[in-house]
Amino acid sequence: MKMSTILIILWEHDIYTLNPLPHPPRNPALEDALKRTLRTFNSQTGRGNRTPKGSPKQPGSHECGYIVMRYMRDIILDEDMYSFSTKWLLKTRTYYKIEELEEVRHKTLKHIEKLM
């Protein structure tokens, strides 16, 4: 059975889930449990269903995985991680430039080539 990696970040009363795989293996029981938990958390905190603050917009219909990987990379490479709540969560929702997404795409392809 293949497993997918889901990154769950709990930060100052916000929950973020990141799954960079385009078609991860389905685990209905886990998905239902996460959805119920998030729905309960959102209703109790008055958060509702909204896009997390600071998350970048997707310019097209197929760049999702590259945007998540670039966003995660930028956060991880930030030397001042203690500024997460002020720096990353308060960013305006801007687009990544095509060049920035191409950089991620090329690095991903190079990594895949090494494995082949």
Given points 7 Å out from each Cα along the Cα-Cβ axis, report the K107 to L77 separation in nanometres with one decimal. 0.5
Ordered by packing density, taken as the mean number of other Cβ atoms within 10 Å over each peptide's residues, highest first, how do 37-46, 99-108, 64-73 rank? 64-73, 99-108, 37-46
What are the residues whose amide H is under 5 Å from the amide H of Y95, where those residues sit 5 or more places off or on another chain and H is modelled from the backbone? K57
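Rule-based calculations on the coordinates, nothing more; no lab input. It should be emphasised that the depicted structure is a prediction, and the values quoted were computed from it without experimental measurement. Cβ: placed from backbone, ideal geometry, glycine included. Neighbour counts: every protein chain shown.
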